[in-house]
1. Of I280, L212, H96, which is farthest along the charge dipole of the chain in the positive direction, counting Lys and Arg as +1 and Asp and Glu as -1 at C-beta?
2. If you count only protein heavy atoms with a 1.4 Å probe, what accessible area per residue comes out for the chain, rounded to a whole Å²?
3. Rounded to the nearest percent, how much of the accessible area of the chain (1.4 Å probe, protein heavy atoms only) is carbon and sulfur?
4. Which value in deg cm²/dmol, rounded to the nearest 500, describes the helix-derived mean residue ellipticity at 222 nm for the chain, given -39,500 (n - 2.57) per DSSP H run of n ≥ 4 and division by the residue count?
5. Taking 0.36 nm per residue of sequence separation and subtracting the Cα-Cα distance, how much length would be gained by fully extending the chain between L216 and T143, in nm to one decimal?
6. Report the label-to-label distance for Q190 and L170 in nanometres (one decimal), using points 7 Å from each Cα along the Cα→Cβ vector.
7. So what is log10(I(q)/I(0)) for the range 150-300 at q = 0.11, 0.19, 0.20 1/Å, when the Debye sum runs over its Cα atoms only?
8. Using per-residue counts of other Cβ atoms within 10 Å, averaged over each peptide, order 275-282, 104-111, 197-204 from highest down.
Amino acid sequence: MATALAAPSRAGSVAATNVDPPRRGSNTAWKRFRRDRVATVALVVLAVLALLAVAAPLIALNPSTVDLDSIKMPPTLQHPLGTDSAGRDVWARLVHGARVSMSVGVVAVGIAMFIGSVVGLVSGYIGGTADNLLMRFTELVQTFPLFFAVVILVALVGPNLVNVMAVIGLISWPGLARLLRGQVLSIRQQQFVEAANALGAPGARIIVRHVLPGVLPYLAVYGALALAQAILTEAALSFLGLGVQMPVPSWGGMMNSAQSLTVLESQPWLWIPPGLAIAITVLCANHVGDGLRDAFDPRMGAR
């Protein structure tokens with residue numbers, strides 16, 4: 001009986017510790033993702049939009065250039081999407097606005113993912129008092145409606161590109177933190193984590209090497225879905241005049257300048273392009289997120 005209950009040998013413990021956490025194969029996930037044609041097309045469209053944003057200075061005029069002879073002109077060969085009330089090229093402002101929207105989305109989501117990952121991983125792995133404190137703080141932040149909290153904070157700190165990025169990122173992380181905490185609570189009960197703990201591995205090493213790989217799929221899905229939310233939030237702020245300020249072009253700002261009934265009825269080239277750009281980008285990001293969720297879902301492999 002004593003032999004049966006004896007602790008495993010050191011060699012057996014080392015062997016158990018060297019076993020990496022089970023990970024979903026990236027190749028299999030990519031194959032599942034490619035089978036989703038809608039998600040694949042959405043990813044291609046997002047890639048094209050990102051390329052246009054990066055190449056904006058090469059494929060469009062300066063968005064602040066004013067042509068007094070071409071004020072509110074409909075689309076022509078010289079101005080493919082027409083001009084606005086100041087004689088500025090709508091195509092130039094559209095592609096340069098893509099740079100603003102994409103940069104806000106990427107930076108804000110990056111901030112939210114960093115904070116949410118740190119809070120979720122530490123809270124779920126350490127537990128105890130630290131878990132209680134972090135989760136109560138997370139719930140406190142989550143009690144404020146996201147959009148109204150962003151509006152209030154941007155109004156307090158001032159509406160500009162950097163502040164919009166920071167505020168959206170600093171407010172939108174609680175959902176990710178709670179999601180990752182739940183996953184970490186499950187992962188830390190696995191044998192490979194217990195083996196690493198038995199050998200005295202530092203907690204930070206266990207989190208980075210063993211726990212973090214198990215939650216990467218959730219981070220990927222969150223990143224795609226949060227990108228859509230961040231772009232939509234920035235557009236709404238700019239539409240309200242609390243986002244990116246003139247003369248910096250933004251899709252929401254372009255929609256803001258096309259509020260009059262005259263523009264809506266007789267000058268559709270001023271509001272249809274930015275409206276379509278916002279809708280297409282948000283829809284594509286959501287479809288990519290859905291595709292990633294299905295690709296990383298282990299149940300999909302059984303179908």
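1. In the chain, that residue is L212.
2. I get 53 Å² per residue for this part.
3. Numbers: 10660 of 15970 Å².
Carbon and sulfur together cover 67 percent of it.
4. -22000 deg cm²/dmol
5. So the extension gain works out to 23.6 nm.
6. Roughly 3.5 nm, to one decimal.
7. For the range 150-300, the Cα-only Debye profile gives -0.61, -1.12, -1.17.
8. Listed from highest to lowest mean packing, they are 104-111, 275-282, 197-204.
The values are calculated or read from the model by the stated rules, or taken from the named source; none is laboratory data. What you are looking at is a predicted structure, and each value in this text was computed from that prediction instead of being measured. Positions of Cβ are generated from backbone atoms using ideal geometry, with glycine treated the same way; all protein chains shown enter the neighbour counts. Note: accessible area is taken over every heavy atom of the protein model, side chains too, but ligands, DNA and RNA are not part of it. Shrake-Rupley method; radii C 1.70, N 1.55, O 1.52, S 1.80 Å.
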